[in-house]
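To start, the structure under review is shown below, and the notes come after it.
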Amino acid sequence: MAEKARIAVLVSGGGTNLQALIDAQGNVITSGEIVLVISNNPEAYALTRAANAGIATKVITRRGCGSKEAFTTALIEALDEARIDLIVLAGFMSILDKRFTDHFAKRIINIHPALIPSFCGEGFYGLKVHEAALAYGVKVTGATVHFVNEIPDGGEIIAQKAVDILPGDTPEVLQRRVMEEAEWILLPQAAEKVCRAMLDERRQTER
Ligand code: GRF
């Protein structure tokens, strides 16, 4: 591994978490560098954020690939070609199959906007997560960064941060608070932690 771990960020939407990662480079994130952003949505504003930061982008859509199988292959090939060490899922709205998660075992992390094991798993994405937390009546929610395996939101937890639910919260208000108070802080910290561990491990084996 070179001096820094090579990071790819996979996105589908607005990319505020990608922006937090970009802004953290050189301060919170010192052991890794974002070298590629892949979107499965050609319209994602996250692509503009990446381009503005001078980061290479790629659009890979399931429709363009023809099948889920071909989509998985195209993603693996693009990531291998760019010699990616760490894959960060930051609002990537496609569930990755076992061939992908096995290929990059312990090299994929995801941010989920709740405290796993609450309000997670298949079907819990975007505002649905916050709607479920409010419907249940929990008083605390938060965000979780975890390794990704073949079980949706089922991989080992890396970091969590709690966020209070306040009277009168709507899903939208809560989503924003979870992002500001947890996601945008936690994801760069967790990315740095995993990159540092990768560099340490590489140094050990090079000795
Ligand atoms: C975030 O809430 C994240 O937790 C979830 O998807 C959303 C992505 O938002 N996985 P953004 O594209 O980073 O703004």
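The values are calculated or read from the model by the stated rules, or taken from the named source; none is laboratory data. Note that the structure is a prediction, hence the values are computed from the model and not measured. Here Cβ is always computed from backbone atoms with ideal geometry, including for glycine, and neighbour counts include all displayed protein chains. Just the protein is used for accessible areas: all its heavy atoms, side chains included, with ligands, DNA and RNA removed. Shrake-Rupley method; radii C 1.70, N 1.55, O 1.52, S 1.80 Å.
Which order do the peptides 180-189, 114-123 take when ranked by the mean count of other beta-carbon atoms within 10 Å per residue, highest first?
Values: 180-189: 20.3, 114-123: 16.5.
Order by mean packing, descending: 180-189, 114-123.
If the cut-off is a Cα-Cα distance under 16 Å, which aspartates and glutamates reach K106, setting aside same-chain residues fewer than 8 apart in sequence?
Hits, sequence-local ones excluded: D80, D85, D97, E150, D153, E156, E192, D200, E201.
Put +1 on the Cβ of each Lys and Arg and -1 on the Cβ of each Asp and Glu in region 1-88; which of S31, A70, A56 then has its Cα farthest toward the positive end of the dipole?
Farthest along the dipole direction, towards plus: A70.
Return the subset of K98/K161; K68/K128; K4/K68 for which the Cα-Cα distance in this structure is over 30 Å, preserving the input order. Don't skip to the answer; put the middle values down first.
Values: K98/K161 28 Å; K68/K128 24 Å; K4/K68 32 Å.
Correct reply: K4/K68.
Percent of accessible area on the chain owned by carbon and sulfur, 1.4 Å probe?
Whole-percent figure for carbon plus sulfur exposure: 50.
Tell me, how many Å apart are the Cα centres for region 177-207 and for region 77-94?
If you average the Cα positions of each part, the centres end up 15 Å apart.
How large is the accessible surface per residue of the chain, computed with a 1.4 Å probe and reported in Å² as a whole number?
It amounts to 49 Å² per residue over the chain.
Please list the non-local residues whose amide H lies under 5 Å from the amide H of I158, H modeled 1.01 Å from N, same-chain partners needing a gap of 5 or more.
V145, H146, F147
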